[in-house]
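Derivation of every value follows stated rules applied to the coordinates shown; laboratory data play no part. Model, not experiment: these values are computed from the prediction. Ideal geometry is used to build each Cβ from the backbone, glycine not excepted, and the neighbour counts take in all protein chains shown.
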Amino acid sequence: MNRAELESFMDNLYEIGCVKFGEFYLSTGLKTPVYFDLRLIISYPKILQQAARLIQQIIADKNIKYDLICGVPYGALALAVVLSIQTDKPLILKRKNTKDYGEKMVEGAFEKSNECLLIEDTVVFGSSVIETAQVLKDYDLNSNVCIGILDREQGGAENIGQHGLLFYSIIKASEFVEYLVKKGKITQEKMNEVIIFLKSNLYESKDKNIFPVV
Ligand SMILES: O=P(O)(O)OC[C@H]1O[C@H](OP(=O)(O)OP(=O)(O)O)[C@H](O)[C@@H]1O
């Protein structure tokens, strides 16, 4: 991945407030010293396009082959649309719920056994990615690879891997905070606090619903 573009992307995420330090609570009640809100990028078209370009670099570097793109709802939907437009690859939409008057969970045009690239924003322990892949499987769609913007490094990559998918992310949480120290945005102590928290709070797939409710 192009380091200059990656650093520019992290600068942009910091500038628009996608990373917050303080006291936040996960929905399990666990207190966390860091919160990543990547949904914010939908309001910044240039940053959204930059994220999609970085994903394209991963696709090229890892030689990922796919027929369709699907964003994990809802946080990654806008990014999946932008990636679809940049790459000229078709998009499908996976719903979170069926509607009262229809049973379809997947919208768009696709064929049996199409390979679907999953796009995610933040991965905590990967349950949303896994659930999306399982629904696509019900529609005879394969999903072997997921690319996320940020891996919180709390067990998500491993859980996704255990479900048979390859997982790549543009940024790992620890690298992001290390970069912010280098740029003088946070102290070494704050970085250590965050990294120790992440390393000592790894989640198992049985721990549902831990995304921060802030
Ligand atoms: O790796 P996980 O443990 O699944 O957590 C990460 C997921 O949680 C968030 O979505 P959320 O479920 O809050 O829904 P939203 O995107 O619709 O806001 C985020 O956008 C990811 O999709």
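Descriptive notes on the structure:
- Here the relative contact order of the chain, from alpha carbon pairs under 8 Å that lie six or more residues apart, stands at 19 percent.
- Along each principal axis, taking the top coordinate minus the bottom one, the Cα set of the chain gives 52, 37, 30 Å in descending order.
- Calculated FRET efficiency for the pair T87/L202, C-beta based, R₀ 30 Å, to 0.05: 0.35
- Using only side-chain charges placed at the Cβ, +1 for Lys and Arg and -1 for Asp and Glu, the dipole size of the chain relative to its Cα centre rounds to 200 debye.
- Segment K20-E5, extension gain: residue separation times 0.36 nm, minus the distance between their alpha carbons: 3.2 nm
- Qualifying lysines (Cα of each under 18 Å from Cα of K112; at least 8 residues distant if same chain): K65, K89, K94, K104, K137
- Each stretch of four or more DSSP H residues adds -39500 (n - 2.57); spread over every residue of the chain, this sum gives -12000 deg cm²/dmol at 222 nm.
- Full extension of the chain between T187 and K46 gives 47.9 nm of extra length, using 0.36 nm per residue less the Cα-Cα distance.
- Nearby lysines by direct alpha-carbon distance to K185 (threshold 28 angstrom, same-chain neighbours under 8 apart not counted): K20, K31, K46, K172, K199
- Cα long-axis angle, helix 3-15 against the chain (0 to 90 degrees, to the nearest 10): 80 degrees
- Per-residue Cβ neighbour rank within 10 angstrom, fewest leading, M1, M10: M1, M10
- 0 to 90° range, to nearest 10: angle between helix 188-200 axis and the chain longest Cα axis: 50 degrees
- Checking every one of the trypsin sites (Lys or Arg not before Pro) in region 92-124 against DSSP loop status and a limit of 12 other Cβ atoms within 10 Å picks out K96, K104, K112.
- Rounded tilt (10° steps) of 127-138 against the dominant C-alpha axis of the chain: 10 degrees
- Positive-end extreme of charge dipole, region 3-200 - chosen from S174, L136, L68 (charges on Cβ): S174
- Order of V177, V81 - criterion: other Cβ atoms within 10 Å of each residue's Cβ, fewest first: V81, V177
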